[in-house]
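Reading through the structure tokens given below for one structure.
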Amino acid sequence: MKDQAEGLRNLVQIQNDKGTKSTRIITVTSGKGGVGKSNVTLNFALALQSQGYKVLVFDADIGLANIDVLMGVSSKYNLYHLLKKEKTIWEIIQKGSNNLDFIAGGSGFNDLIRLTEEELDYFAEQVMQLNGYVDFIIFDTGAGLSKETMKFILAAEETFVVTTPEPTSITDAYAIIKMVNSMGHDVSFKLIINRVTDWKEGKQTADKIALVANQFLGIQIPALGFVEDDSSVSKAVKKQVPFTIAFPNSAAAKSLQSLVDDYIKGYRVMGTPSSGVKGFLNKMLKLLK
Ligand SMILES: Nc1ncnc2c1ncn2[C@@H]1O[C@H](COP(=O)(O)OP(=O)(O)O)[C@@H](O)[C@H]1O
Ligand SMILES: [Mg+2]
């Protein structure tokens with residue numbers, strides 16, 4: 001019997017031969033909900049974009065999709081229309097704040113694992129077209145460890161884990177890292193500590209997680225940086241304007257900006273080329289088997 005992923009595999013091969021510029025894929029996740037994952041994802045993307053990178057935000061939060069709401073944009077088409085083959089990827093990409101490209105989430109995301117071979121091929125063929133179109137694709141996944149989120153974490157080149165300094169958030173962030181690690185996959189995790197009162201609190205939180213991960217899992221989890229706890233974020237959410245745009249001089253915006261500056265420095269010196277969308281789909285494909 002023809003296996004489900006054959007069409008996909010052929011596509012990956014075609015893309016390999018074309019040798020287009022690679023796109024880096026980042027998955028953003030958290031243990032607990034409400035820790036600021038979507039706000040961090042969106043503003044991280046906008047800050048990268050303002051440094052000249054082309055970025056696409058892909059809302060993959062099942063049920064709680066809200067990247068569009070944070071920008072005050074109503075989305076006509078979303079991922080559901082792609083999965084159901086009603087629209088092409090180009091038709092579901094929308095323009096948000098500062099012309100940021102984004103794909104709105106949809107309840108249809110639950111269907112990813114139940115797609116028919118034909119739908120899966122279509123999805124892959126469409127997503128593949130993004131390779132080289134943008135420098136970064138950033139997936140905002142749901143909190144906690146659903147099967148779908150897991151696939152995104154395992155397939156992406158790097159995973160940002162967002163946590164606050166609260167013990168419950170820390171424990172849940174660690175639980176995610178531990179579970180992914182226990183599956184024997186080599187995932188590049190980086191911590192983002194959100195809602196810190198000061199740099200010291202952020203550092204202490206990051207050190208706690210890094211220490212436990214090193215001691216019990218034998219892995220290194222570096223901190224990407226900290227975002228300050230700041231009422232501007234909530235004000236910006238209410239205005240439906242991303243906080244780095246609404247309040248560029250706020251403590252939250254400034255700390256996020258310096259986090260992104262550090263990330264870009266690291267990105268520039270990384271040297272190794274990203275495996276791109278094809279690498280992502282290759283891994284996804286193995287997981288779907
Ligand atoms: N750095 C911050 N400072 C103050 N409040 C924040 C900050 N980050 C997030 N929040 C608050 O938390 C709420 C939830 O953020 P959101 O990004 O939707 O979380 P998640 O995507 O993790 O569920 C926001 O609406 C805002 O009120
Ligand atoms: Mg969210």
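If the condition is being farther than 15 Å from ASP198 by Cα and under 20 Å from the mean Cα position of the chain (by Cα), then segment 246-260 contributes GLN257, VAL260. Here PRO248 fulfils each of the conditions (1) farther than 19 Å from VAL35 by Cβ; (2) within 13 Å of ligand 1 (Cβ to nearest atom); (3) surrounded by fewer than 17 Cβ atoms within 10 Å (Cβ to Cβ) apart from (2). Please enumerate the residues belonging to segment 61-92 that are on the phi > 0 side of the Ramachandran plot, at pLDDT 85 or above and not charged (D, E, K, R). Within segment 61-92, GLY72 is the sole residue that qualifies.
For segment 36-93, the candidate set comprises residues that are assigned to a helix (DSSP H, G or I) and among the polar types (S, T, N, Q); within that set, the residue that is nearest to ligand 2 (Cβ to nearest atom) is SER38. For segment 166-202, the set of residues classified as without any contact (Cβ under 8 Å) to a residue 60 or more places away in the chain and hydroxyl-bearing (Ser, Thr, Tyr) consists of SER182, SER188, THR197, listed by residue number.
Let me confirm something: among ASP229, ASP172, which residue is surrounded by 15 or more Cβ atoms within 10 Å (Cβ to Cβ) and touching a Ser or Thr at 6+ places or on another chain (Cβ under 7 Å)? The match here is ASP229.
Exactly one residue out of LYS178, LYS265, LYS283, LYS203 is closer than 23 Å to LEU100 by Cα and assigned to a helix (DSSP H, G or I): that is LYS265. When the criteria are applied in full, ALA213 meets the requirement of being more than 12 Å from VAL35 (Cβ to Cβ), among the aliphatic types (A, V, I, L, M) and assigned to a helix (DSSP H, G or I). GLY225 satisfies every condition listed in (1) assigned to a helix (DSSP H, G or I); (2) closer than 24 Å to GLU166 by Cβ; (3) touching a residue at least 24 places away in the same chain (Cβ under 8 Å) except (1). Would you check if there is a residue in segment 175-193 being within 16 Å of ligand 2 (Cβ to nearest atom) and modelled with pLDDT of 95 or more? The answer is yes, given that some residue of segment 175-193 is within 16 Å of ligand 2 (Cβ to nearest atom) and modelled with pLDDT of 95 or more.
Looking only at residues of segment 182-195 that are over 18 Å from the mean Cα position of the chain (by Cα) and not in a loop (DSSP other than H, G, I, E, B), we find that the one that is surrounded by the most Cβ atoms within 10 Å (Cβ to Cβ) is ARG195. Against the list (1) away from ligand 1 (no atom under 16 Å from the Cβ); (2) modelled with pLDDT of 90 or more; (3) within 20 Å of GLN240 (Cβ to Cβ); (4) touching a helix residue (DSSP H, G or I) at 6+ places or on another chain (Cβ under 9 Å), the condition LYS95 fails is (4). Taking (1) within 16 Å of ligand 1 (Cβ to nearest atom); (2) assigned to a helix (DSSP H, G or I); (3) buried (at least 21 other Cβ atoms within 10 Å of the Cβ); (4) modelled with pLDDT of 85 or more in turn, PHE109 satisfies each apart from (4).
Among the residues of segment 136-152, those identified as surrounded by fewer than 19 Cβ atoms within 10 Å (Cβ to Cβ) and in a loop (DSSP other than H, G, I, E, B) are GLY144, LEU145, SER146.
Hey, could you check segment 214-245 for residues that are β-branched (Val, Ile, Thr) and within 17 Å of ASP186 (Cα to Cα) and say which is nearest to ligand 2 (Cβ to nearest atom)? My answer is ILE221. Going residue by residue through segment 20-35, is there one that turns out to be assigned to a helix (DSSP H, G or I), farther than 14 Å from ASN131 by Cβ and either at pLDDT below 60 or within 16 Å of ligand 1 (Cβ to nearest atom) (or both)? Looking through segment 20-35, none of the residues is assigned to a helix (DSSP H, G or I), farther than 14 Å from ASN131 by Cβ and either at pLDDT below 60 or within 16 Å of ligand 1 (Cβ to nearest atom) (or both).
The values are calculated or read from the model by the stated rules, or taken from the named source; none is laboratory data. What you see is a predicted model; the values in this text were computed from it and never measured. Cβ atoms come from the backbone with ideal geometry, glycine included; neighbour counts cover every protein chain shown.
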